[in-house]
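Asker: Pasting in a structure now, in structure tokens, and then I'll have a few things to ask.
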Amino acid sequence: MQDVCLIPTPPYSALIFDCDGTLAHTIPIHIQAWLATLRPLGVDLSQEWLYDRRGMSSLELIETVNHTFGRALDANVVNPARKKYFLDLLHQVVEIEAVANIARSYYGKVPLAVASGGDLRLVEPTLKAIGLDSLFDAIVTVNDVERGKPAPDIFLLAADRMGVTPTDCIVYEDSDAGLEAAYRAGMRAIDVRELGLAVEAEIRELRM
């Protein structure tokens, strides 16, 4: 797959990138962290179940687990442990090269932002680990908004911080929740899954 498939089509004034699964190949590591955190609490989820819910914020995922399986997990207990597991595995993270190259190519030409449903304390170290942290004019995470994806709040705030109109932004995304959020924000989106940039590798890792 050639990078040219990812080139944004004018008109646009800014580019917005999701982090996990779009810029960084982190989904398998996030899943490992969730499994390692939840199994001792008696919640034995499948890797595929978690994979299908990528793009959700941690709070939304915990609420979904509680609702679906009749549990009463406390986010204040679960999240610190999950974050520690993730950070311990951070050395395994690599960039998704084709998307990262788009960010590098447009750096200095148009404003760039990261808009992630993840926690800032994980997103920033992830971007630093793959050497992309200096490219972005704004980094917006679930910490900055009341509602995570699929609500449009994260993308709208990213546009605001870059000083551009939402409809002038193009979003790079890899999840249903993220693509819906971009649509609801009035932004065009490039679905990187359709380009085969990361999903096949992630699924192979999940089934190992």
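Asker: How far apart, in nm, are the 7 Å Cα→Cβ label points at ASP137 and ARG71?
Answerer: 4.1 nm
Asker: Per the helix-only calculation at 222 nm, which mean residue ellipticity applies to the chain, given -39500 (n - 2.57) for every DSSP H run of n ≥ 4 and division by its residues, nearest 500 deg cm²/dmol?
Answerer: -12500 deg cm²/dmol
Asker: Relative to the Cα centre, what is the charge dipole magnitude of the range 27-91, using +1 at the beta carbon of each Lys and Arg, -1 at the beta carbon of each Asp and Glu, and rounding to the nearest 20 debye?
Answerer: 140 debye
Asker: Which whole-number percentage describes the relative contact order of the range 27-91, with Cα contacts under 8 Å and a sequence gap of 6 or more?
Answerer: Relative contact order of the range 27-91: 48 percent.
Asker: What does the extension gain come out to for ALA81 and ASP52, with contour length at 0.36 nm per residue minus their alpha carbon separation?
Answerer: Full-extension gain reported as 8.3 nm.
Asker: Given R₀ = 25 Å, what would the calculated FRET efficiency be for THR165 paired with CYS5, taking r from the Cβ atoms and rounding to 0.05?
Answerer: Between THR165 and CYS5 the formula returns 0.45.
Asker: Treating the beta-carbon of each Lys and Arg as +1 and of each Asp and Glu as -1, no other charges, what is the dipole magnitude of the chain about its Cα centre, to the nearest 20 debye?
Answerer: 280 debye
Asker: Still on this structure, I have one more. For the chain, which DSSP H helices look membrane-span-like by this rule: Cα extent along the axis of 15 Å or more and mean Kyte-Doolittle of at least -1.0?
Answerer: Helices meeting the span and hydropathy rule in the chain are 27-38, 58-69, 75-88.
Asker: From the residues VAL123, HIS25, ALA75, which one has its Cα farthest along the dipole of the range 1-153 in the positive direction, the dipole being from +1 and -1 charges on Cβ of Lys/Arg and Asp/Glu about the Cα centre?
Answerer: My answer, from the dipole projection, is ALA75.
Asker: Mind checking the dipole of the range 113-161: about its Cα centre, +1 per Lys or Arg Cβ, -1 per Asp or Glu Cβ, Debye to the nearest 20?
Answerer: So the dipole magnitude of the range 113-161 works out to roughly 120 debye.
Asker: Farthest toward the dipole's positive end in the chain, which of ILE139, TYR172, ALA113, given Cβ charges of +1 (Lys, Arg) and -1 (Asp, Glu) about the Cα centre?
Answerer: Value computed over the given set: ILE139.
Asker: While we're on this one: Give, in nm to one decimal, the length gained when the segment between LEU90 and ASP191 is fully stretched (0.36 nm per residue of separation minus the Cα-Cα distance).
Answerer: 33.9 nm
Read-outs: derived from the displayed coordinates by stated rules, not from any lab. Since we're looking at a predicted model, the values are computed, not measured. Here the Cβ is made from the backbone with ideal geometry for all residues, glycine too, and neighbour counts use every protein chain on show.
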